[in-house]
Amino acid sequence: MHIVVTGAAGKLGQCLTQTLNTAGHRVTALDRDTLDITDFAATRSTIGDLKPDVVIHSAAWTDVDGCARDPERAVLVNGFGAQHAALAAAEVGAAIVYISSNEVFDGELTLIPDSGIQPTYREYDTPRPINAYGYSKWVGEQSVMHSNRNCYIVRTAWLFTHGGTNFIHTMLNAAQAGKSLRVVIDEIANPTYSADLADAIAALVQTERYGIYHLVNADACSRWQFARYALDRAGYADTPIARITRREWPRPSTPPENTGLSNLAGRAVGITLRSWQDAVEAFLEQEGLLVKDEA
Ligand SMILES: NC(=O)c1ccc[n+]([C@@H]2O[C@H](COP(=O)([O-])OP(=O)(O)OC[C@H]3O[C@@H](n4cnc5c(N)ncnc54)[C@H](OP(=O)(O)O)[C@@H]3O)[C@@H](O)[C@H]2O)c1
């Protein structure tokens, strides 16, 4: 397959490019310098010339606080940019994969009383974004679905990727530096290893089963649990992490509270992702940071 990846210099874009190349696809990686997705004419002519089989649209303005400060720009990049990619793909008969977010949901899921069951969003639950970034990603979803019937909407969450910085690196660096750590308990989602997501997307594009997918590592947790698990497995079990609430960590963009996602649609086509705990261990092992249990 010839696959175009937009936002290819980004964290997921780089990982996707590597995974798809290794799988034997012909990959054209487009970074922002090569293609600004807000320019429809440029998007149309670039994708028109390349004539790929699939466009994976990973480009986005991912600074959630920046989006809160400039919501119109967020919609321009994340909403209309996605529409441009979807229309350009449709014109050459290519399918499109739109990378979306858990933040399209309002996060107001509540625990089923006395059940202990953590509720999660399914693929066809109704989005209701509560911040500018989530709104812009939802606009992107709608635009893609209206512009190209051969579309896969792939919602994911809390990515951790090799290279650059991510939540795990931030926690480990702070622990190493002896800084005191405070992490929120009332923000819940699925930590997801970019390598697992890239493998899942590589499998998905072969299916031609267009629709909405929740491709996240299995099971959701709070930010605090995510931090605690990563530090424990990297040898920092003695480093305390204070539990705080979102109210104690005010920021321009309010994250939704509970956006745990379940992967029903992916499972139906044979695509499942391991638990987030196993994924964190695999990530740490790959970085040479995993502390093995004593036998
Ligand atoms: N990271 C997460 O936890 C997470 C969670 C859920 C969903 N997602 C989604 O996953 C996708 C990939 O995210 P990521 O973590 O890889 O983010 P990232 O590292 O910020 O990558 C996004 C890339 O898009 C590029 N971009 C921004 N504006 C552009 C434009 N107008 N034209 C072309 N390219 C542009 C960025 O370039 P510059 O760096 O030059 O701006 C960057 O290289 C995004 O769609 C994001 O919404 C991410």
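Derivation of every value follows stated rules applied to the coordinates shown; laboratory data play no part. Treat the numbers as computed from the prediction; the structure is a model and nothing was measured. Quick reminder, even Gly has a Cβ in these numbers, built from the backbone with ideal geometry, and neighbours come from all protein chains shown.
Worth a mention:
- Gyration tensor (alpha-carbon) shape descriptor, segment 249-295, a/c threshold 1.5: oblate
- Using the Cβ-Cβ distance between residue 247 and residue 203 with R0 = 35 Å, the FRET efficiency computed as 1/(1 + (r/R0)^6) comes to roughly 0.30.
- A P(r) calculated from all alpha carbon pairs of segment 200-280, with 10 Å bins opening at zero, reads 15, 34, 31, 17, 3 percent.
- Kirkwood hydrodynamic radius (C-alpha pairs) into Stokes-Einstein, segment 143-269, 25 °C and 0.890 mPa s, D in µm²/s: 150
- Gyration tensor (alpha-carbon) shape descriptor, segment 100-201, a/c threshold 1.5: oblate
- Set of lysines near residue 292 by C-alpha distance (under 29 Å), chain-local residues within fewer than 8 positions excluded: 11, 179
- For segment 23-149, a/c is not less than 1.5, where a ≥ b ≥ c are the root eigenvalues of the C-alpha gyration tensor, and a/b tops b/c. That puts it in the prolate class.
- If the chain linking residue 39 and residue 286 were pulled fully straight, counting 0.36 nm for each residue of separation and taking away their Cα-Cα distance, it would gain 85.1 nm.
- A straight Cα-to-Cα reach below 19 Å connects residue 51 with the aspartates and glutamates 31, 36, 39, 91, 208, residues fewer than 8 places away in its own chain not being considered.
- Bridge type composition, segment 110-258 - antiparallel percent by DSSP, nearest 5: 15
- The spread of Cα positions in the chain, taken along each principal axis and listed from longest to shortest, comes to 56, 39, 37 Å.
- By the beta-carbon count within 10 Å of each Cβ, the least crowded to most crowded order of 92, 291, 216, fewest first, is 291, 92, 216.
- Full-extension gain in nm, residue 237 to residue 268, via 0.36 nm per residue minus C-alpha separation: 7.4 nm
- Amide H within-cut-off set for residue 182, under 5 Å, with H built and near neighbours excluded: 242
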